[in-house]
Structures are given as structure tokens and as C-alpha cells.
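For reference, the structure discussed in these notes is given below.
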Amino acid sequence: GAEVMDYHLLRHLKRREDLGLSAILLNEGMLADKIRELGIPVNVIEESGRSFYQLVRDAGGVLDLESPDILHSHRYKENILAYLSSRRRNGIRLVGTQHGLPESFGTSQNRKYRLLHRLNISLVMKSFAKVIAVSGDIRKSFIERFGFPGDRIDVIHNGTDLPEGSPAAMRRDDFVIGSMGRIFPVKDFPLMVEIAREVRRETDRIRFELAGDGPDRGKVQELVDRYGLGDAFRLRGFVDDLAGFYRGIDLYLSTSLHEGIPISVLDAMSHAIPVVAPNVGGMKEILEDGSEGYLVDGRDPKTFARKCLDLYRSGGLRQAMGSSARNKVEKEFSNECMANAYHRLYLEIARVSGNGVHA
């Protein structure tokens, strides 16, 4: 999610003539290639085989060459790297985007992760000019749980692009419920399997598709096999054609234990697909229960299944909610809206420091 957000933010900011842009990445790959295609300079510091000290040293060398006014980082490791590499370089103002809360749901955090998280909170609180939360829920948590100053943390929602033309679903016989994301604990995709089990007790005309990969894929597949859902639940792995995936589903299902503003949900809504999601994190900032889909309190798979079946049985309800979802994204959650908000933030920080803006 953070990489997708970064790319679209850069793509839209590239149009602003009052900004100079460059990127520092820790790996070569698709994101680096796509940013270069935008005509934005990319500096890659390969983290593989380097100590953190070496990463700090090399990032500092890039900052000496680029001389940015603002250094915008994402995620806790990158925030720490941004602080350490810029600390002796006067005039660089730090901005960090917080995409979620600590991913400790359902598992015990290891000591290293706890220490890094605490260090991240301490550094961004003391040294960053501004921290951006992608949802009001995250902002509230930072203020109430960590004592973060309210005037130093703002909310800028993630965005997405609207597909060109009218959304067109693929022709198929079955009704398809889909989800997408990295398969790891905070997404709780085993709950999706439990929901599929409940739904299949009512009808065999509904199929489930999960796009993505991750460390918990084996657990999900094991549950699918245990319940005999092999013909009804497909794990698709990494999907390159995202538009094709969304055109191939009728309903989007989220099962996360916590979310900021999930881009996968916004993407589904942009394709006029209604959403069934748990009432957690920033979900209620995207969805109004009964308007763009359903928000479900608690984690009972039978409750989720009932909402999915309601939408399956009523094409009119599905169409109305899908239309409302697309309109919501167009008005409030476009990438253009997101980029405009960050642009205003950069200019505000630059005015305070008295500099132009090279981010």
C-alpha cells in the first residue's frame, strides 16, 4: 500500500512546476522503474548486504548531492534512516507518513520490532516537522496512546484513480467475492475462509478469490483444504492486472484486524464494487454502513456471510451501493485530492523555513 501511494503521489506532484522531486529507494525493482518512467531521478541504495550504518552513510551521501528542503519518508525503518542521515545536514525538514498502527495483532511482537517501533515514535515526535496519518483513527491513536502533539500530526487520506469509462464486469455464471492484500496476520484472511464456509452452506453459486502472497498463505490454503472449499476458494497469488481482477468480482470483502485507509478498498470502490468490511480503523472514514457497502461490528463469520448474501440476492442493492462507492472515491478519495493536500503541506513547511521546495 505504501509503495502504491508513493508512486501515485509522485506521479501527480510531477505536474507541479514549483516542486523539484527525487526519490531514494532501498531496492531496485518495479517501483524504481515506474518512478524513472515519470522522469523523476531515482537513487537506489541496495539494503541487501549493507549494515544499517552503511545505509545511513550512503543515504547521507545522496542528501549531500540532492540538497532537498524536505525529506518525506514512509514506515518506521525509513523514518529512522531519514532522521539519522539528515541530522548533520542543516535545513532539511522531515515529513513522515504513518500508514498504519503496529502490526502486533494475534501474535507476540519480537523485541527488535518493539524497540524499533518505540524509537520511530520518539524520533518522529521530537524531530519531524510534520507527521501525516492516513486516517483520523491513526491520528487519534498517536495522540492518545503515544502522547503525540496534536498540532504536529495531520490527516491526509490515501487516494486512487478512477478507471476510465463506465465500469464493466466480466460475463460469468458465478457470483465472485474477492479480496486482495499481503497474506499476513493483520489481514486475517483465515476469517475470509470461515466466511466462505458459511456462505457455501447457503448456495454453491458463489466463489471466492484472494489475490496476493505472503507468509500466511500456507495457513489459508490449509484451512481451504480442511473445509473442502477447493472448488470455491481460489488463491491467485500475485496479480499484475489489477483492473482485470476488479472487473472479475462482484463484491469486495475485507477481513483486516486494523486498517488505515486501504488502497485495495478504494480501488474496488472506484470500480463501482460494494464492500463488506469490519468496522475497524479508518474503514468508517471510507464507508458509510448501508451506503457504499456494509460495516460489520465484531468478527463473527456468520454476520459477514449474511451481508455478503444480502448483496448476492439483490442486484439492485448491489448496483446502488456500487454507484455510491464510485461517487465517494471521485469526490473525496482521488489521487488528485491526495496530491493537492501534500502539495499544500510542502509549501506550508517551506514558508516556515523560508526555502523553496525540493522534496
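The values are calculated or read from the model by the stated rules, or taken from the named source; none is laboratory data. These figures come from a predicted structure and were not determined experimentally. Here the Cβ positions follow ideal geometry from the backbone for every residue, glycine too, while neighbour counts run over all protein chains shown. What goes into the accessible areas is simple: the full protein's heavy atoms, side chains included, and nothing from ligands, DNA or RNA. Shrake-Rupley method; radii C 1.70, N 1.55, O 1.52, S 1.80 Å.
Numbers at a glance
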{"item": "Subset of segment 187-221 (residues that are touching a strand residue (DSSP E or B) at 6+ places or on another chain (Cβ under 8 Å), within 16 Å of Arg313 (Cβ to Cβ) and surrounded by fewer than 19 Cβ atoms within 10 Å (Cβ to Cβ))", "result": "Arg205"}
{"item": "Hits in segment 50-106 (condition: hydroxyl-bearing (Ser, Thr, Tyr), in a loop (DSSP other than H, G, I, E, B) and in contact (Cβ under 8 Å) with a residue 60 or more places away in the chain)", "result": "Ser67"}
{"item": "Condition broken by Leu251, with the remaining ones in (1) open to solvent by 10 Å² or more (accessible area, probe 1.4 Å); (2) of a type in the set (A, V, I, L, M); (3) touching a helix residue (DSSP H, G or I) at 6+ places or on another chain (Cβ under 8 Å) satisfied", "result": "(1)"}
{"item": "Lone unmet requirement of (1) outside any loop (DSSP other than H, G, I, E, B); (2) open to solvent by less than 70 Å² (accessible area, probe 1.4 Å); (3) basic (Lys, Arg) for Arg36", "result": "(2)"}
{"item": "Scope segment 40-81; condition of a type in the set (Ser, Thr, Tyr) and either over 19 Å from Leu116 (Cβ atoms) or at pLDDT 95 or above (or both); matching residues", "result": "Ser67, Ser73"}
{"item": "Pairs with Cβ under 9 Å, 6+ apart, first in segment 111-122 and farther than 14 Å from Phe146 by Cα, second at pLDDT 85 or above and of a type outside the set (D, E, K, R)", "result": "Tyr113/Tyr76; Leu116/Tyr76; Leu116/Ile80"}
{"item": "Of all residues making up segment 11-30, the number that are modelled with pLDDT of 95 or more, open to solvent by 30 Å² or more (accessible area, probe 1.4 Å) and in a helix (DSSP H, G or I)", "result": "1"}
{"item": "Residue in segment 345-359 that is modelled with the lowest pLDDT, counting only those that are farther than 13 Å from Val155 by Cα and in a helix (DSSP H, G or I)", "result": "Ser353"}
{"item": "Condition met for Val224 (in contact with a helix residue (DSSP H, G or I) (Cβ under 6 Å, 6 or more places away or on another chain), surrounded by 17 or more Cβ atoms within 10 Å (Cβ to Cβ) and either touching a residue at least 24 places away in the same chain (Cβ under 8 Å) or under 21 Å from Gly293 (Cα atoms) (or both))", "result": "yes"}
{"item": "Criterion (within 23 Å of Met338 (Cα to Cα), in contact with a helix residue (DSSP H, G or I) (Cβ under 7 Å, 6 or more places away or on another chain) and aliphatic (A, V, I, L, M)) met by exactly one of Ile35, Ile80", "result": "Ile35"}
{"item": "Cross-chain or 6+ apart pairs with Cβ under 6 Å, segment 184-196 first and closer than 12 Å to Leu257 by Cβ, then of a type in the set (D, E, K, R) and modelled with pLDDT under 95", "result": "Val186/Glu103"}
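For (1) buried (at least 21 other Cβ atoms within 10 Å of the Cβ); (2) among the aromatic types (Phe, Trp, Tyr); (3) touching a strand residue (DSSP E or B) at 6+ places or on another chain (Cβ under 8 Å); (4) farther than 19 Å from Tyr342 by Cα, each residue gets a yes or a no:
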site	(1), (2), (3), (4)
Pro68	yes, no, yes, no
Arg87	no, no, no, yes
Gly91	no, no, no, yes
Ile121	no, no, no, yes
Gly136	no, no, yes, no
Asp151	no, no, no, no
Thr160	yes, no, yes, no
